[in-house]
Amino acid sequence: KNFLNIKDFVTILKTFCITSVFFLLYFSVNLYLIFLRGKGFVMRLLFFLKCSIISLFVLSGANAGELTILHINDHHSHLRADSRMSLNIGGDKTRVRSGGFPAVVSMFNLLSEGKNNVLKLHAGDAITGDLYFTLFKGEADAALMNEVCFDAFAIGNHEFDEGDSGLAKFLDFLNEGDCNTPVLGANIIPEVGVSPLAKKTVNDYIKPFTIIEKNGLDIGIIGINIVGKTMMSSSPDATTQFLGEKETAQRYINELKSKGINHIVLLTHFQYKNDLNLAKELSGVDIIVGGDSHSLLGDLSKVGLNSQGSYPTIVKNNDGNTVCVVQAWQYSQVVGELNVEFDEMGNVKSCEGTPHLMLADSFKRKNADGERVEIEGEARTVALNAIRQNPSLNLISENPEAAAILKKFSLKVDELKTRKVGEVVTDLCFERIPGQGRSKLCDVSETAKNGSDISNLVAHAFREMTRTSEIAIQNGGGVRIDVPKGDFSIGTAYQLLPFANTIVELEMTGAEISQVLEEALDWALNPDGSTGAYPYAAGLRWDIDASKSIGSRFSNIEFKGPGDSNWSDLDLSRTYKVATNNYIAAGKDGYKMFGVVSKSGRVVDTYLDYAQSFVDYVKKYKSIDKLPLDDYSTQSYKQ
């Protein structure tokens with residue numbers, strides 16, 4: 001069972017039968033020749049047996065095979081379809097309803113149909129980022145994931161957002177189903193008897209690898225977590241250790257090879273560019289299925305989406321053999337399909353695939369009055385034909401069982417979302433680094449130039465809600481969505497600020513503030529860091545030249561307190577009261593000086609929930625608008 005599939009077995013049986021017939025004929029002829037000539041039979045018989053054995057293995061192709069990998073990553077509790085995506089379909093900008101986990105389940109089922117060689121993988125960051133996690137702490141995510149029944153799930157950095165105990169709670173939900181999905185993290189070492197993840201053994205919840213047999217192939221799957229980002233940008237227990245990505249990957253590749261496992265998949269939460277570099281430095285790796293960078297791969301330029309590379313991206317490992325690297329974007333929008341063919345030696349012979357963007361049967365365009373309406377007639381026919389001609393676009397219905405499960409959780413989510421607390425005067429844009437173009441709602445020209453970044457407004461809200469703070473600093477990654485013009489509800493606030501954070505106040509000198517800004521920017525620009533570290537502030541403004549070295553990137557740092565009418569230079573020797581969230585106050589996300597100040601005792605937790613604080617801010621003013629340019633923290637940004 002673990003050596004041959006049915007195809008291989010039939011091939012060997014045929015080879016055996018043909019060989020047997022030839023052997024009987026050869027034996028009869030040589031027996032006749034023995035009586036006639038009396039020599040050469042033994043040598044000819046041995047030569048024939050040798051050729052038969054060689055042909056048996058060559059014709060059987062026992063080491064060759066094909067494998068299909070279906071995968072997602074970074075769905076971040078986005079379980080419901082997104083009705084706000086705009087695509088270029090049939091030559092016109094079209095608002096579509098896309099993704100959602102019931103569609104993901106349908107896509108997995110469709111692509112698996114009639115196949116016995118399918119491997120189903122999730123590359124991490126399943127939780128946090130939407131009200132489904134805020135309310136259910138992973139229960140909703142686990143229930144929907146178990147409708148797919150993944151063959152393996154890799155731990156992402158956000159799985160640790162509520163510590164080891166929060167991750168254990170989520171994995172308990174995941175284990176309630178019948179799937180028994182292996183949870184992988186080879187470089188994650190929780191302390192036995194201390195961490196809720198390791199009550200009895202280090203592998204109670206998280207294993208370094210799993211071995212799965214598909215279509216006669218034994219496949220070793222190793223989980224790798226991004227170390228720096230998880231330790232600095234999440235909240236694992238202090239006793240939980242994280243080992244180097246490269247060293248750990250090679251260690252377990254070698255271990256699997258020693259067990260006779262020749263097909264190696266790395267299931268990583270390590271970012272696309274890091275995966276490419278990792279592949280080149282390792283020996284023995286065949287495939288990397290990744291996550292964390294939310295990378296869209298494949299040629300989707302025709303529909304107006306910008307990808308970061310080809311799907312799959314093919315590189316050579318340290319042995320000179322082919323490695324196939326893939327990732328599947330974000331938020332339950334794409335299911336990746338990778339088809340791999342192995343040669344007789346177990347190496348990758350070829351790989352190809354498709355990133356499948358899932359669309360519901362809903363296509364809206366603006367009419368003459370500027371209202372979005374469903375297209376009809378010839379326009380609809382053209383749109384449907386364009387979808388059929390693009391292998392990456394898939395018109396797919398939601399899986400009914402998965403939709404029924406989601407509906408049970410959605411009732412409570414919808415109840416919370418409907419509570420209106422105020423109005424938004426103009427579109428407020430989600431951006432991380434100025435000019436990055438991350439917003440789905442606003443053009444790049446609207447961000448970083450007119451004060452419309454929502455992260456900056458959040459910082460102002462935090463400063464005001466604490467009442468005693470002079471400055472507030474908020475990391476861009478703590479804010480998660482665009483906020484469109486119109487009604488603002490409690491649900492919007494908890495989507496905007498989805499993490500379980502509180503607001504704290506730090507006593508800091510101007511010199512310490514200057515240093516922490518430099519640290520945050522450096523972490524935002526670091527390939528192993530997080531763009532979410534980029535700082536937004538109330539009561540501070542500055543100019544940035546990112547081309548300079550750390551320590552000299554910020555200039556013209558100025559301060560204006562809540563009661564001040566004018567800006568003045570930040571006084572490096574003066575002490576200021578700085579509001580921020582308790583997450584980065586602990587030194588996370590590159591804000592090292594915050595951690596130093598906190599450990600020195602110069603910190604007070606207000607215990608104000610940061611999402612609720614923004615709700616209270618909106619309630620107070622009844623409407624919110626973009627900031628005046630004078631109050632925007634990043635006055636200029638040079639790359």
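The values are calculated or read from the model by the stated rules, or taken from the named source; none is laboratory data. What you see is a predicted model; the values in this text were computed from it and never measured. As a convention, Cβ positions derive from the backbone with ideal geometry for all residues, glycine included, and neighbour counts pool all protein chains shown. Surface areas here come from the heavy atoms of the whole protein model, side chains and all, with no ligands, DNA or RNA. Shrake-Rupley method; radii C 1.70, N 1.55, O 1.52, S 1.80 Å.
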Query raised in the report: Quick one: how many residues across region 508-552 are under 30 Å from Gly129 (Cα atoms) and among the acidic types (Asp, Glu)?
Result: 4
Query - Selection status of Glu191, open to solvent by less than 60 Å² (accessible area, probe 1.4 Å), charged (D, E, K, R) and within 29 Å of Tyr591 (Cα to Cα) - result: no
Query raised in the report: Taking interchain pairs and intrachain pairs at least six residues apart, which have beta carbon atoms under 8 angstrom, with the first residue in region 468-487 and in contact (Cβ under 8 Å) with a residue 24 or more places away in the chain and the second in a strand (DSSP E or B) and among the basic types (Lys, Arg)?
Result: Thr468/Lys577; Ser469/Lys577; Glu470/Lys577; Ile471/Lys577; Asp487/Lys420
Query - Scope region 555-570; condition open to solvent by 10 Å² or more (accessible area, probe 1.4 Å), under 17 Å from Glu518 (Cβ atoms) and not aliphatic (A, V, I, L, M); matching residues - result: Ser555, Asn556, Glu558, Asp569
Query raised in the report: What about Leu411, is it under 30 Å from the mean Cα position of the chain (by Cα), surrounded by 13 or more Cβ atoms within 10 Å (Cβ to Cβ) and not charged (D, E, K, R)?
Result: no
Query raised in the report: So, of the residues in region 191-242 that are of a type in the set (Ser, Thr, Tyr) and part of a loop (DSSP other than H, G, I, E, B), which turns out to be farthest from Leu121 (Cα to Cα)?
Result: Thr239
Report task. Could you check, for region 457-471, whether at least one of its residues is over 20 Å from Thr580 (Cβ atoms) and surrounded by 19 or more Cβ atoms within 10 Å (Cβ to Cβ)? Result -> no
Report summary line: Among residues of region 215-235 being modelled with pLDDT of 95 or more and open to solvent by 10 Å² or more (accessible area, probe 1.4 Å), the residue farthest from His158 (Cα to Cα) is Asp218
Query raised in the report: Taking Tyr311, is it closer than 22 Å to Ala152 by Cβ, touching a residue at least 24 places away in the same chain (Cβ under 8 Å), open to solvent by 30 Å² or more (accessible area, probe 1.4 Å) and under 26 Å from the mean Cα position of the chain (by Cα)?
Result: no
Report task. Could you please let me know if Asn277 is under 20 Å from the mean Cα position of the chain (by Cα) and surrounded by 21 or more Cβ atoms within 10 Å (Cβ to Cβ)? Result -> no
Query raised in the report: Which is in contact with a strand residue (DSSP E or B) (Cβ under 8 Å, 6 or more places away or on another chain) and either among the aromatic types (Phe, Trp, Tyr) or within 28 Å of Lys169 (Cβ to Cβ) (or both), of Lys120, Lys115?
Result: Lys120
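The rows are residues; the columns are (1) among the small types (Gly, Ala, Ser); (2) outside any loop (DSSP other than H, G, I, E, B); (3) free of Cβ contacts under 8 Å to residues at least 60 places away in the same chain.
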site	(1), (2), (3)
Val504	no, yes, no
Glu512	no, yes, no
Trp523	no, yes, no
Gly529	yes, no, no
Ala537	yes, yes, no
Query raised in the report: Which one is most open to solvent (accessible area, probe 1.4 Å) among residues in region 415-426 that are part of a helix (DSSP H, G or I) and touching a residue at least 60 places away in the same chain (Cβ under 8 Å)?
Result: Lys417
Requested in this report: Quick one: Lys638 ticks every box in (1) closer than 26 Å to Thr502 by Cβ; (2) surrounded by fewer than 16 Cβ atoms within 10 Å (Cβ to Cβ) except a single one, so which number is it?
Outcome: (1)
Report summary line: Counting only residues that are in contact with a helix residue (DSSP H, G or I) (Cβ under 9 Å, 6 or more places away or on another chain) and among the basic types (Lys, Arg), region 245-288 contains a total of 1
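Conditions (1) open to solvent by 30 Å² or more (accessible area, probe 1.4 Å); (2) outside any loop (DSSP other than H, G, I, E, B); (3) at pLDDT below 95, marked per residue:
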{"position": "Ile264", "(1), (2), (3)": "no, yes, no"}
{"position": "Ser293", "(1), (2), (3)": "yes, no, yes"}
{"position": "Lys302", "(1), (2), (3)": "yes, yes, yes"}
{"position": "Leu305", "(1), (2), (3)": "no, no, yes"}
{"position": "Asp319", "(1), (2), (3)": "yes, no, no"}
{"position": "Gln330", "(1), (2), (3)": "no, no, yes"}
{"position": "Val340", "(1), (2), (3)": "no, yes, no"}
{"position": "Cys351", "(1), (2), (3)": "no, yes, no"}
Requested in this report: Residue by residue through region 112-159, note down the ones that are open to solvent by 20 Å² or more (accessible area, probe 1.4 Å) and among the charged types (D, E, K, R).
Outcome: Glu113, Lys115, Lys120, Lys137, Glu139, Glu147, Asp151
Query - Selected residue (criterion: nearest to Glu352 (Cα to Cα)) from residues of region 65-111 that are open to solvent by 10 Å² or more (accessible area, probe 1.4 Å) and acidic (Asp, Glu) - result: Glu66
Report summary line: Conditions (1) open to solvent by 10 Å² or more (accessible area, probe 1.4 Å); (2) within 27 Å of the chain's Cα centre (by Cα) -> Gly601 fails only (2)
Query raised in the report: Counting just the residues of region 414-439 that are under 26 Å from the mean Cα position of the chain (by Cα) and over 20 Å from Ala533 (Cα atoms), which one comes out modelled with the highest pLDDT?
Result: Asp414
